[in-house]
Amino acid sequence: MTTVMVTGATGLIGQSVCARLAAQGHRVIGVSRSARRTGFGAVSDWLRVDFVQATDPQVWLPHLRGIDAVVNCVGVLQDNPREDTGTAHATGAEALFRACAMAGVGRVVHFSAIGVERHQASAFSASKLAGDRALAGLDLDWVILRPSVVLGGAAYGASALIRGLAALPVVPIMPRTGPLQVVALDDVADTVAFFLRPDAPARMALDLAGPERLSFDKVVALHRAWLGWKPARRLALPGWVAALLYRLGDMVARLGWRPPLRSTARRGDSPHAA
């Protein structure tokens with residue numbers, strides 16, 4: 001039986017990965033910055049580690065004894081009083097990766113975000129790229145997964161936003177939103193399970209994206225149709241209203257909440273798990 005440590009185990013992707021790996025017979029060790037979580041039957045044991053504070057490989061080494069593989073699902077959309085993108089995605093992640101190399105962990109699967117190697121529109125994408133490079137420079141069997149917007153049954157981030165908009169009788173249309181190639185959460189979990197197989201390839205970065213490029217409002221409309229509801233009326237928002245909503249999202253984030261509508265999303269980043 002393989003023992004797999006999953007960091008960010010309480011997020012959208014983390015929860016799904018834990019469930020999939022447990023169903024396949026792996027022993028799953030979940031890592032979260034908060035206290036032990038109840039109701040997560042897929043996780044055998046919980047560790048409380050905060051990436052913002054765990055910036056030294058020595059912090060991770062005692063936790064890596066007996067660990068065969070690590071899946072890093074930690075993601076922070078935007079800086080706030082409790083979270084820092086640079087520490088979570090770069091400094092903290094590098095400490096974990098270096099500790100894995102020191103402890104002889106067999107494989108590391110790391111979640112980044114699609115497009116970060118092509119442009120760094122925000123601190124989110126720049127820090128994700130820094131973490132990718134730190135991992136790729138180590139003597140490890142590593143795999144970097146770069147998903148587009150991930151949609152699943154749970155109400156997290158983009159999923160929560162799309163679900164909420166789909167429920168409205170009048171759907172606001174944000175200006176200047178780019179096309180999306182959304183990817184299903186189940187497919188993402190399947191990909192992780194594949195790369196943890198002993199015969200799976202390693203030392204590669206892989207984009208995870210759906211086959212179609214869809215506008216944001218088209219994704220909302222399809223979700224509404226999937227719910228069995230008639231098409232909603234559309235209301236195009238002027239640019240100044242959209243800018244105000246993004247600023248309000250940033251203000252709410254400073255209070256410790258995680259609204260999906262923030263300036264990082266406006267700049268075109270595609271965060272996965274937060």
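Rule-based calculations on the coordinates, nothing more; no lab input. The structure displayed is predicted, hence computed values, not measured ones. Please note: Cβ atoms are built from the backbone with ideal geometry, for glycine as well, and neighbour counts cover all protein chains shown.
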Hey, how many Å between the Cα centroid of the range 16-69 and the Cα centroid of the range 216-231? 36 Å
Sorted by packing (mean other beta-carbon atoms within 10 Å per residue), highest first, where do 101-107, 222-228, 15-21 land? 15-21, 101-107, 222-228
If R₀ is 41 angstrom, what is the calculated FRET efficiency for the pair L168 and E212, using the beta carbon separation as r and rounding to 0.05? 0.95
Highest to lowest packing among 185-193, 122-130, 26-34, scored as the average C-beta count within 10 Å: 122-130, 26-34, 185-193
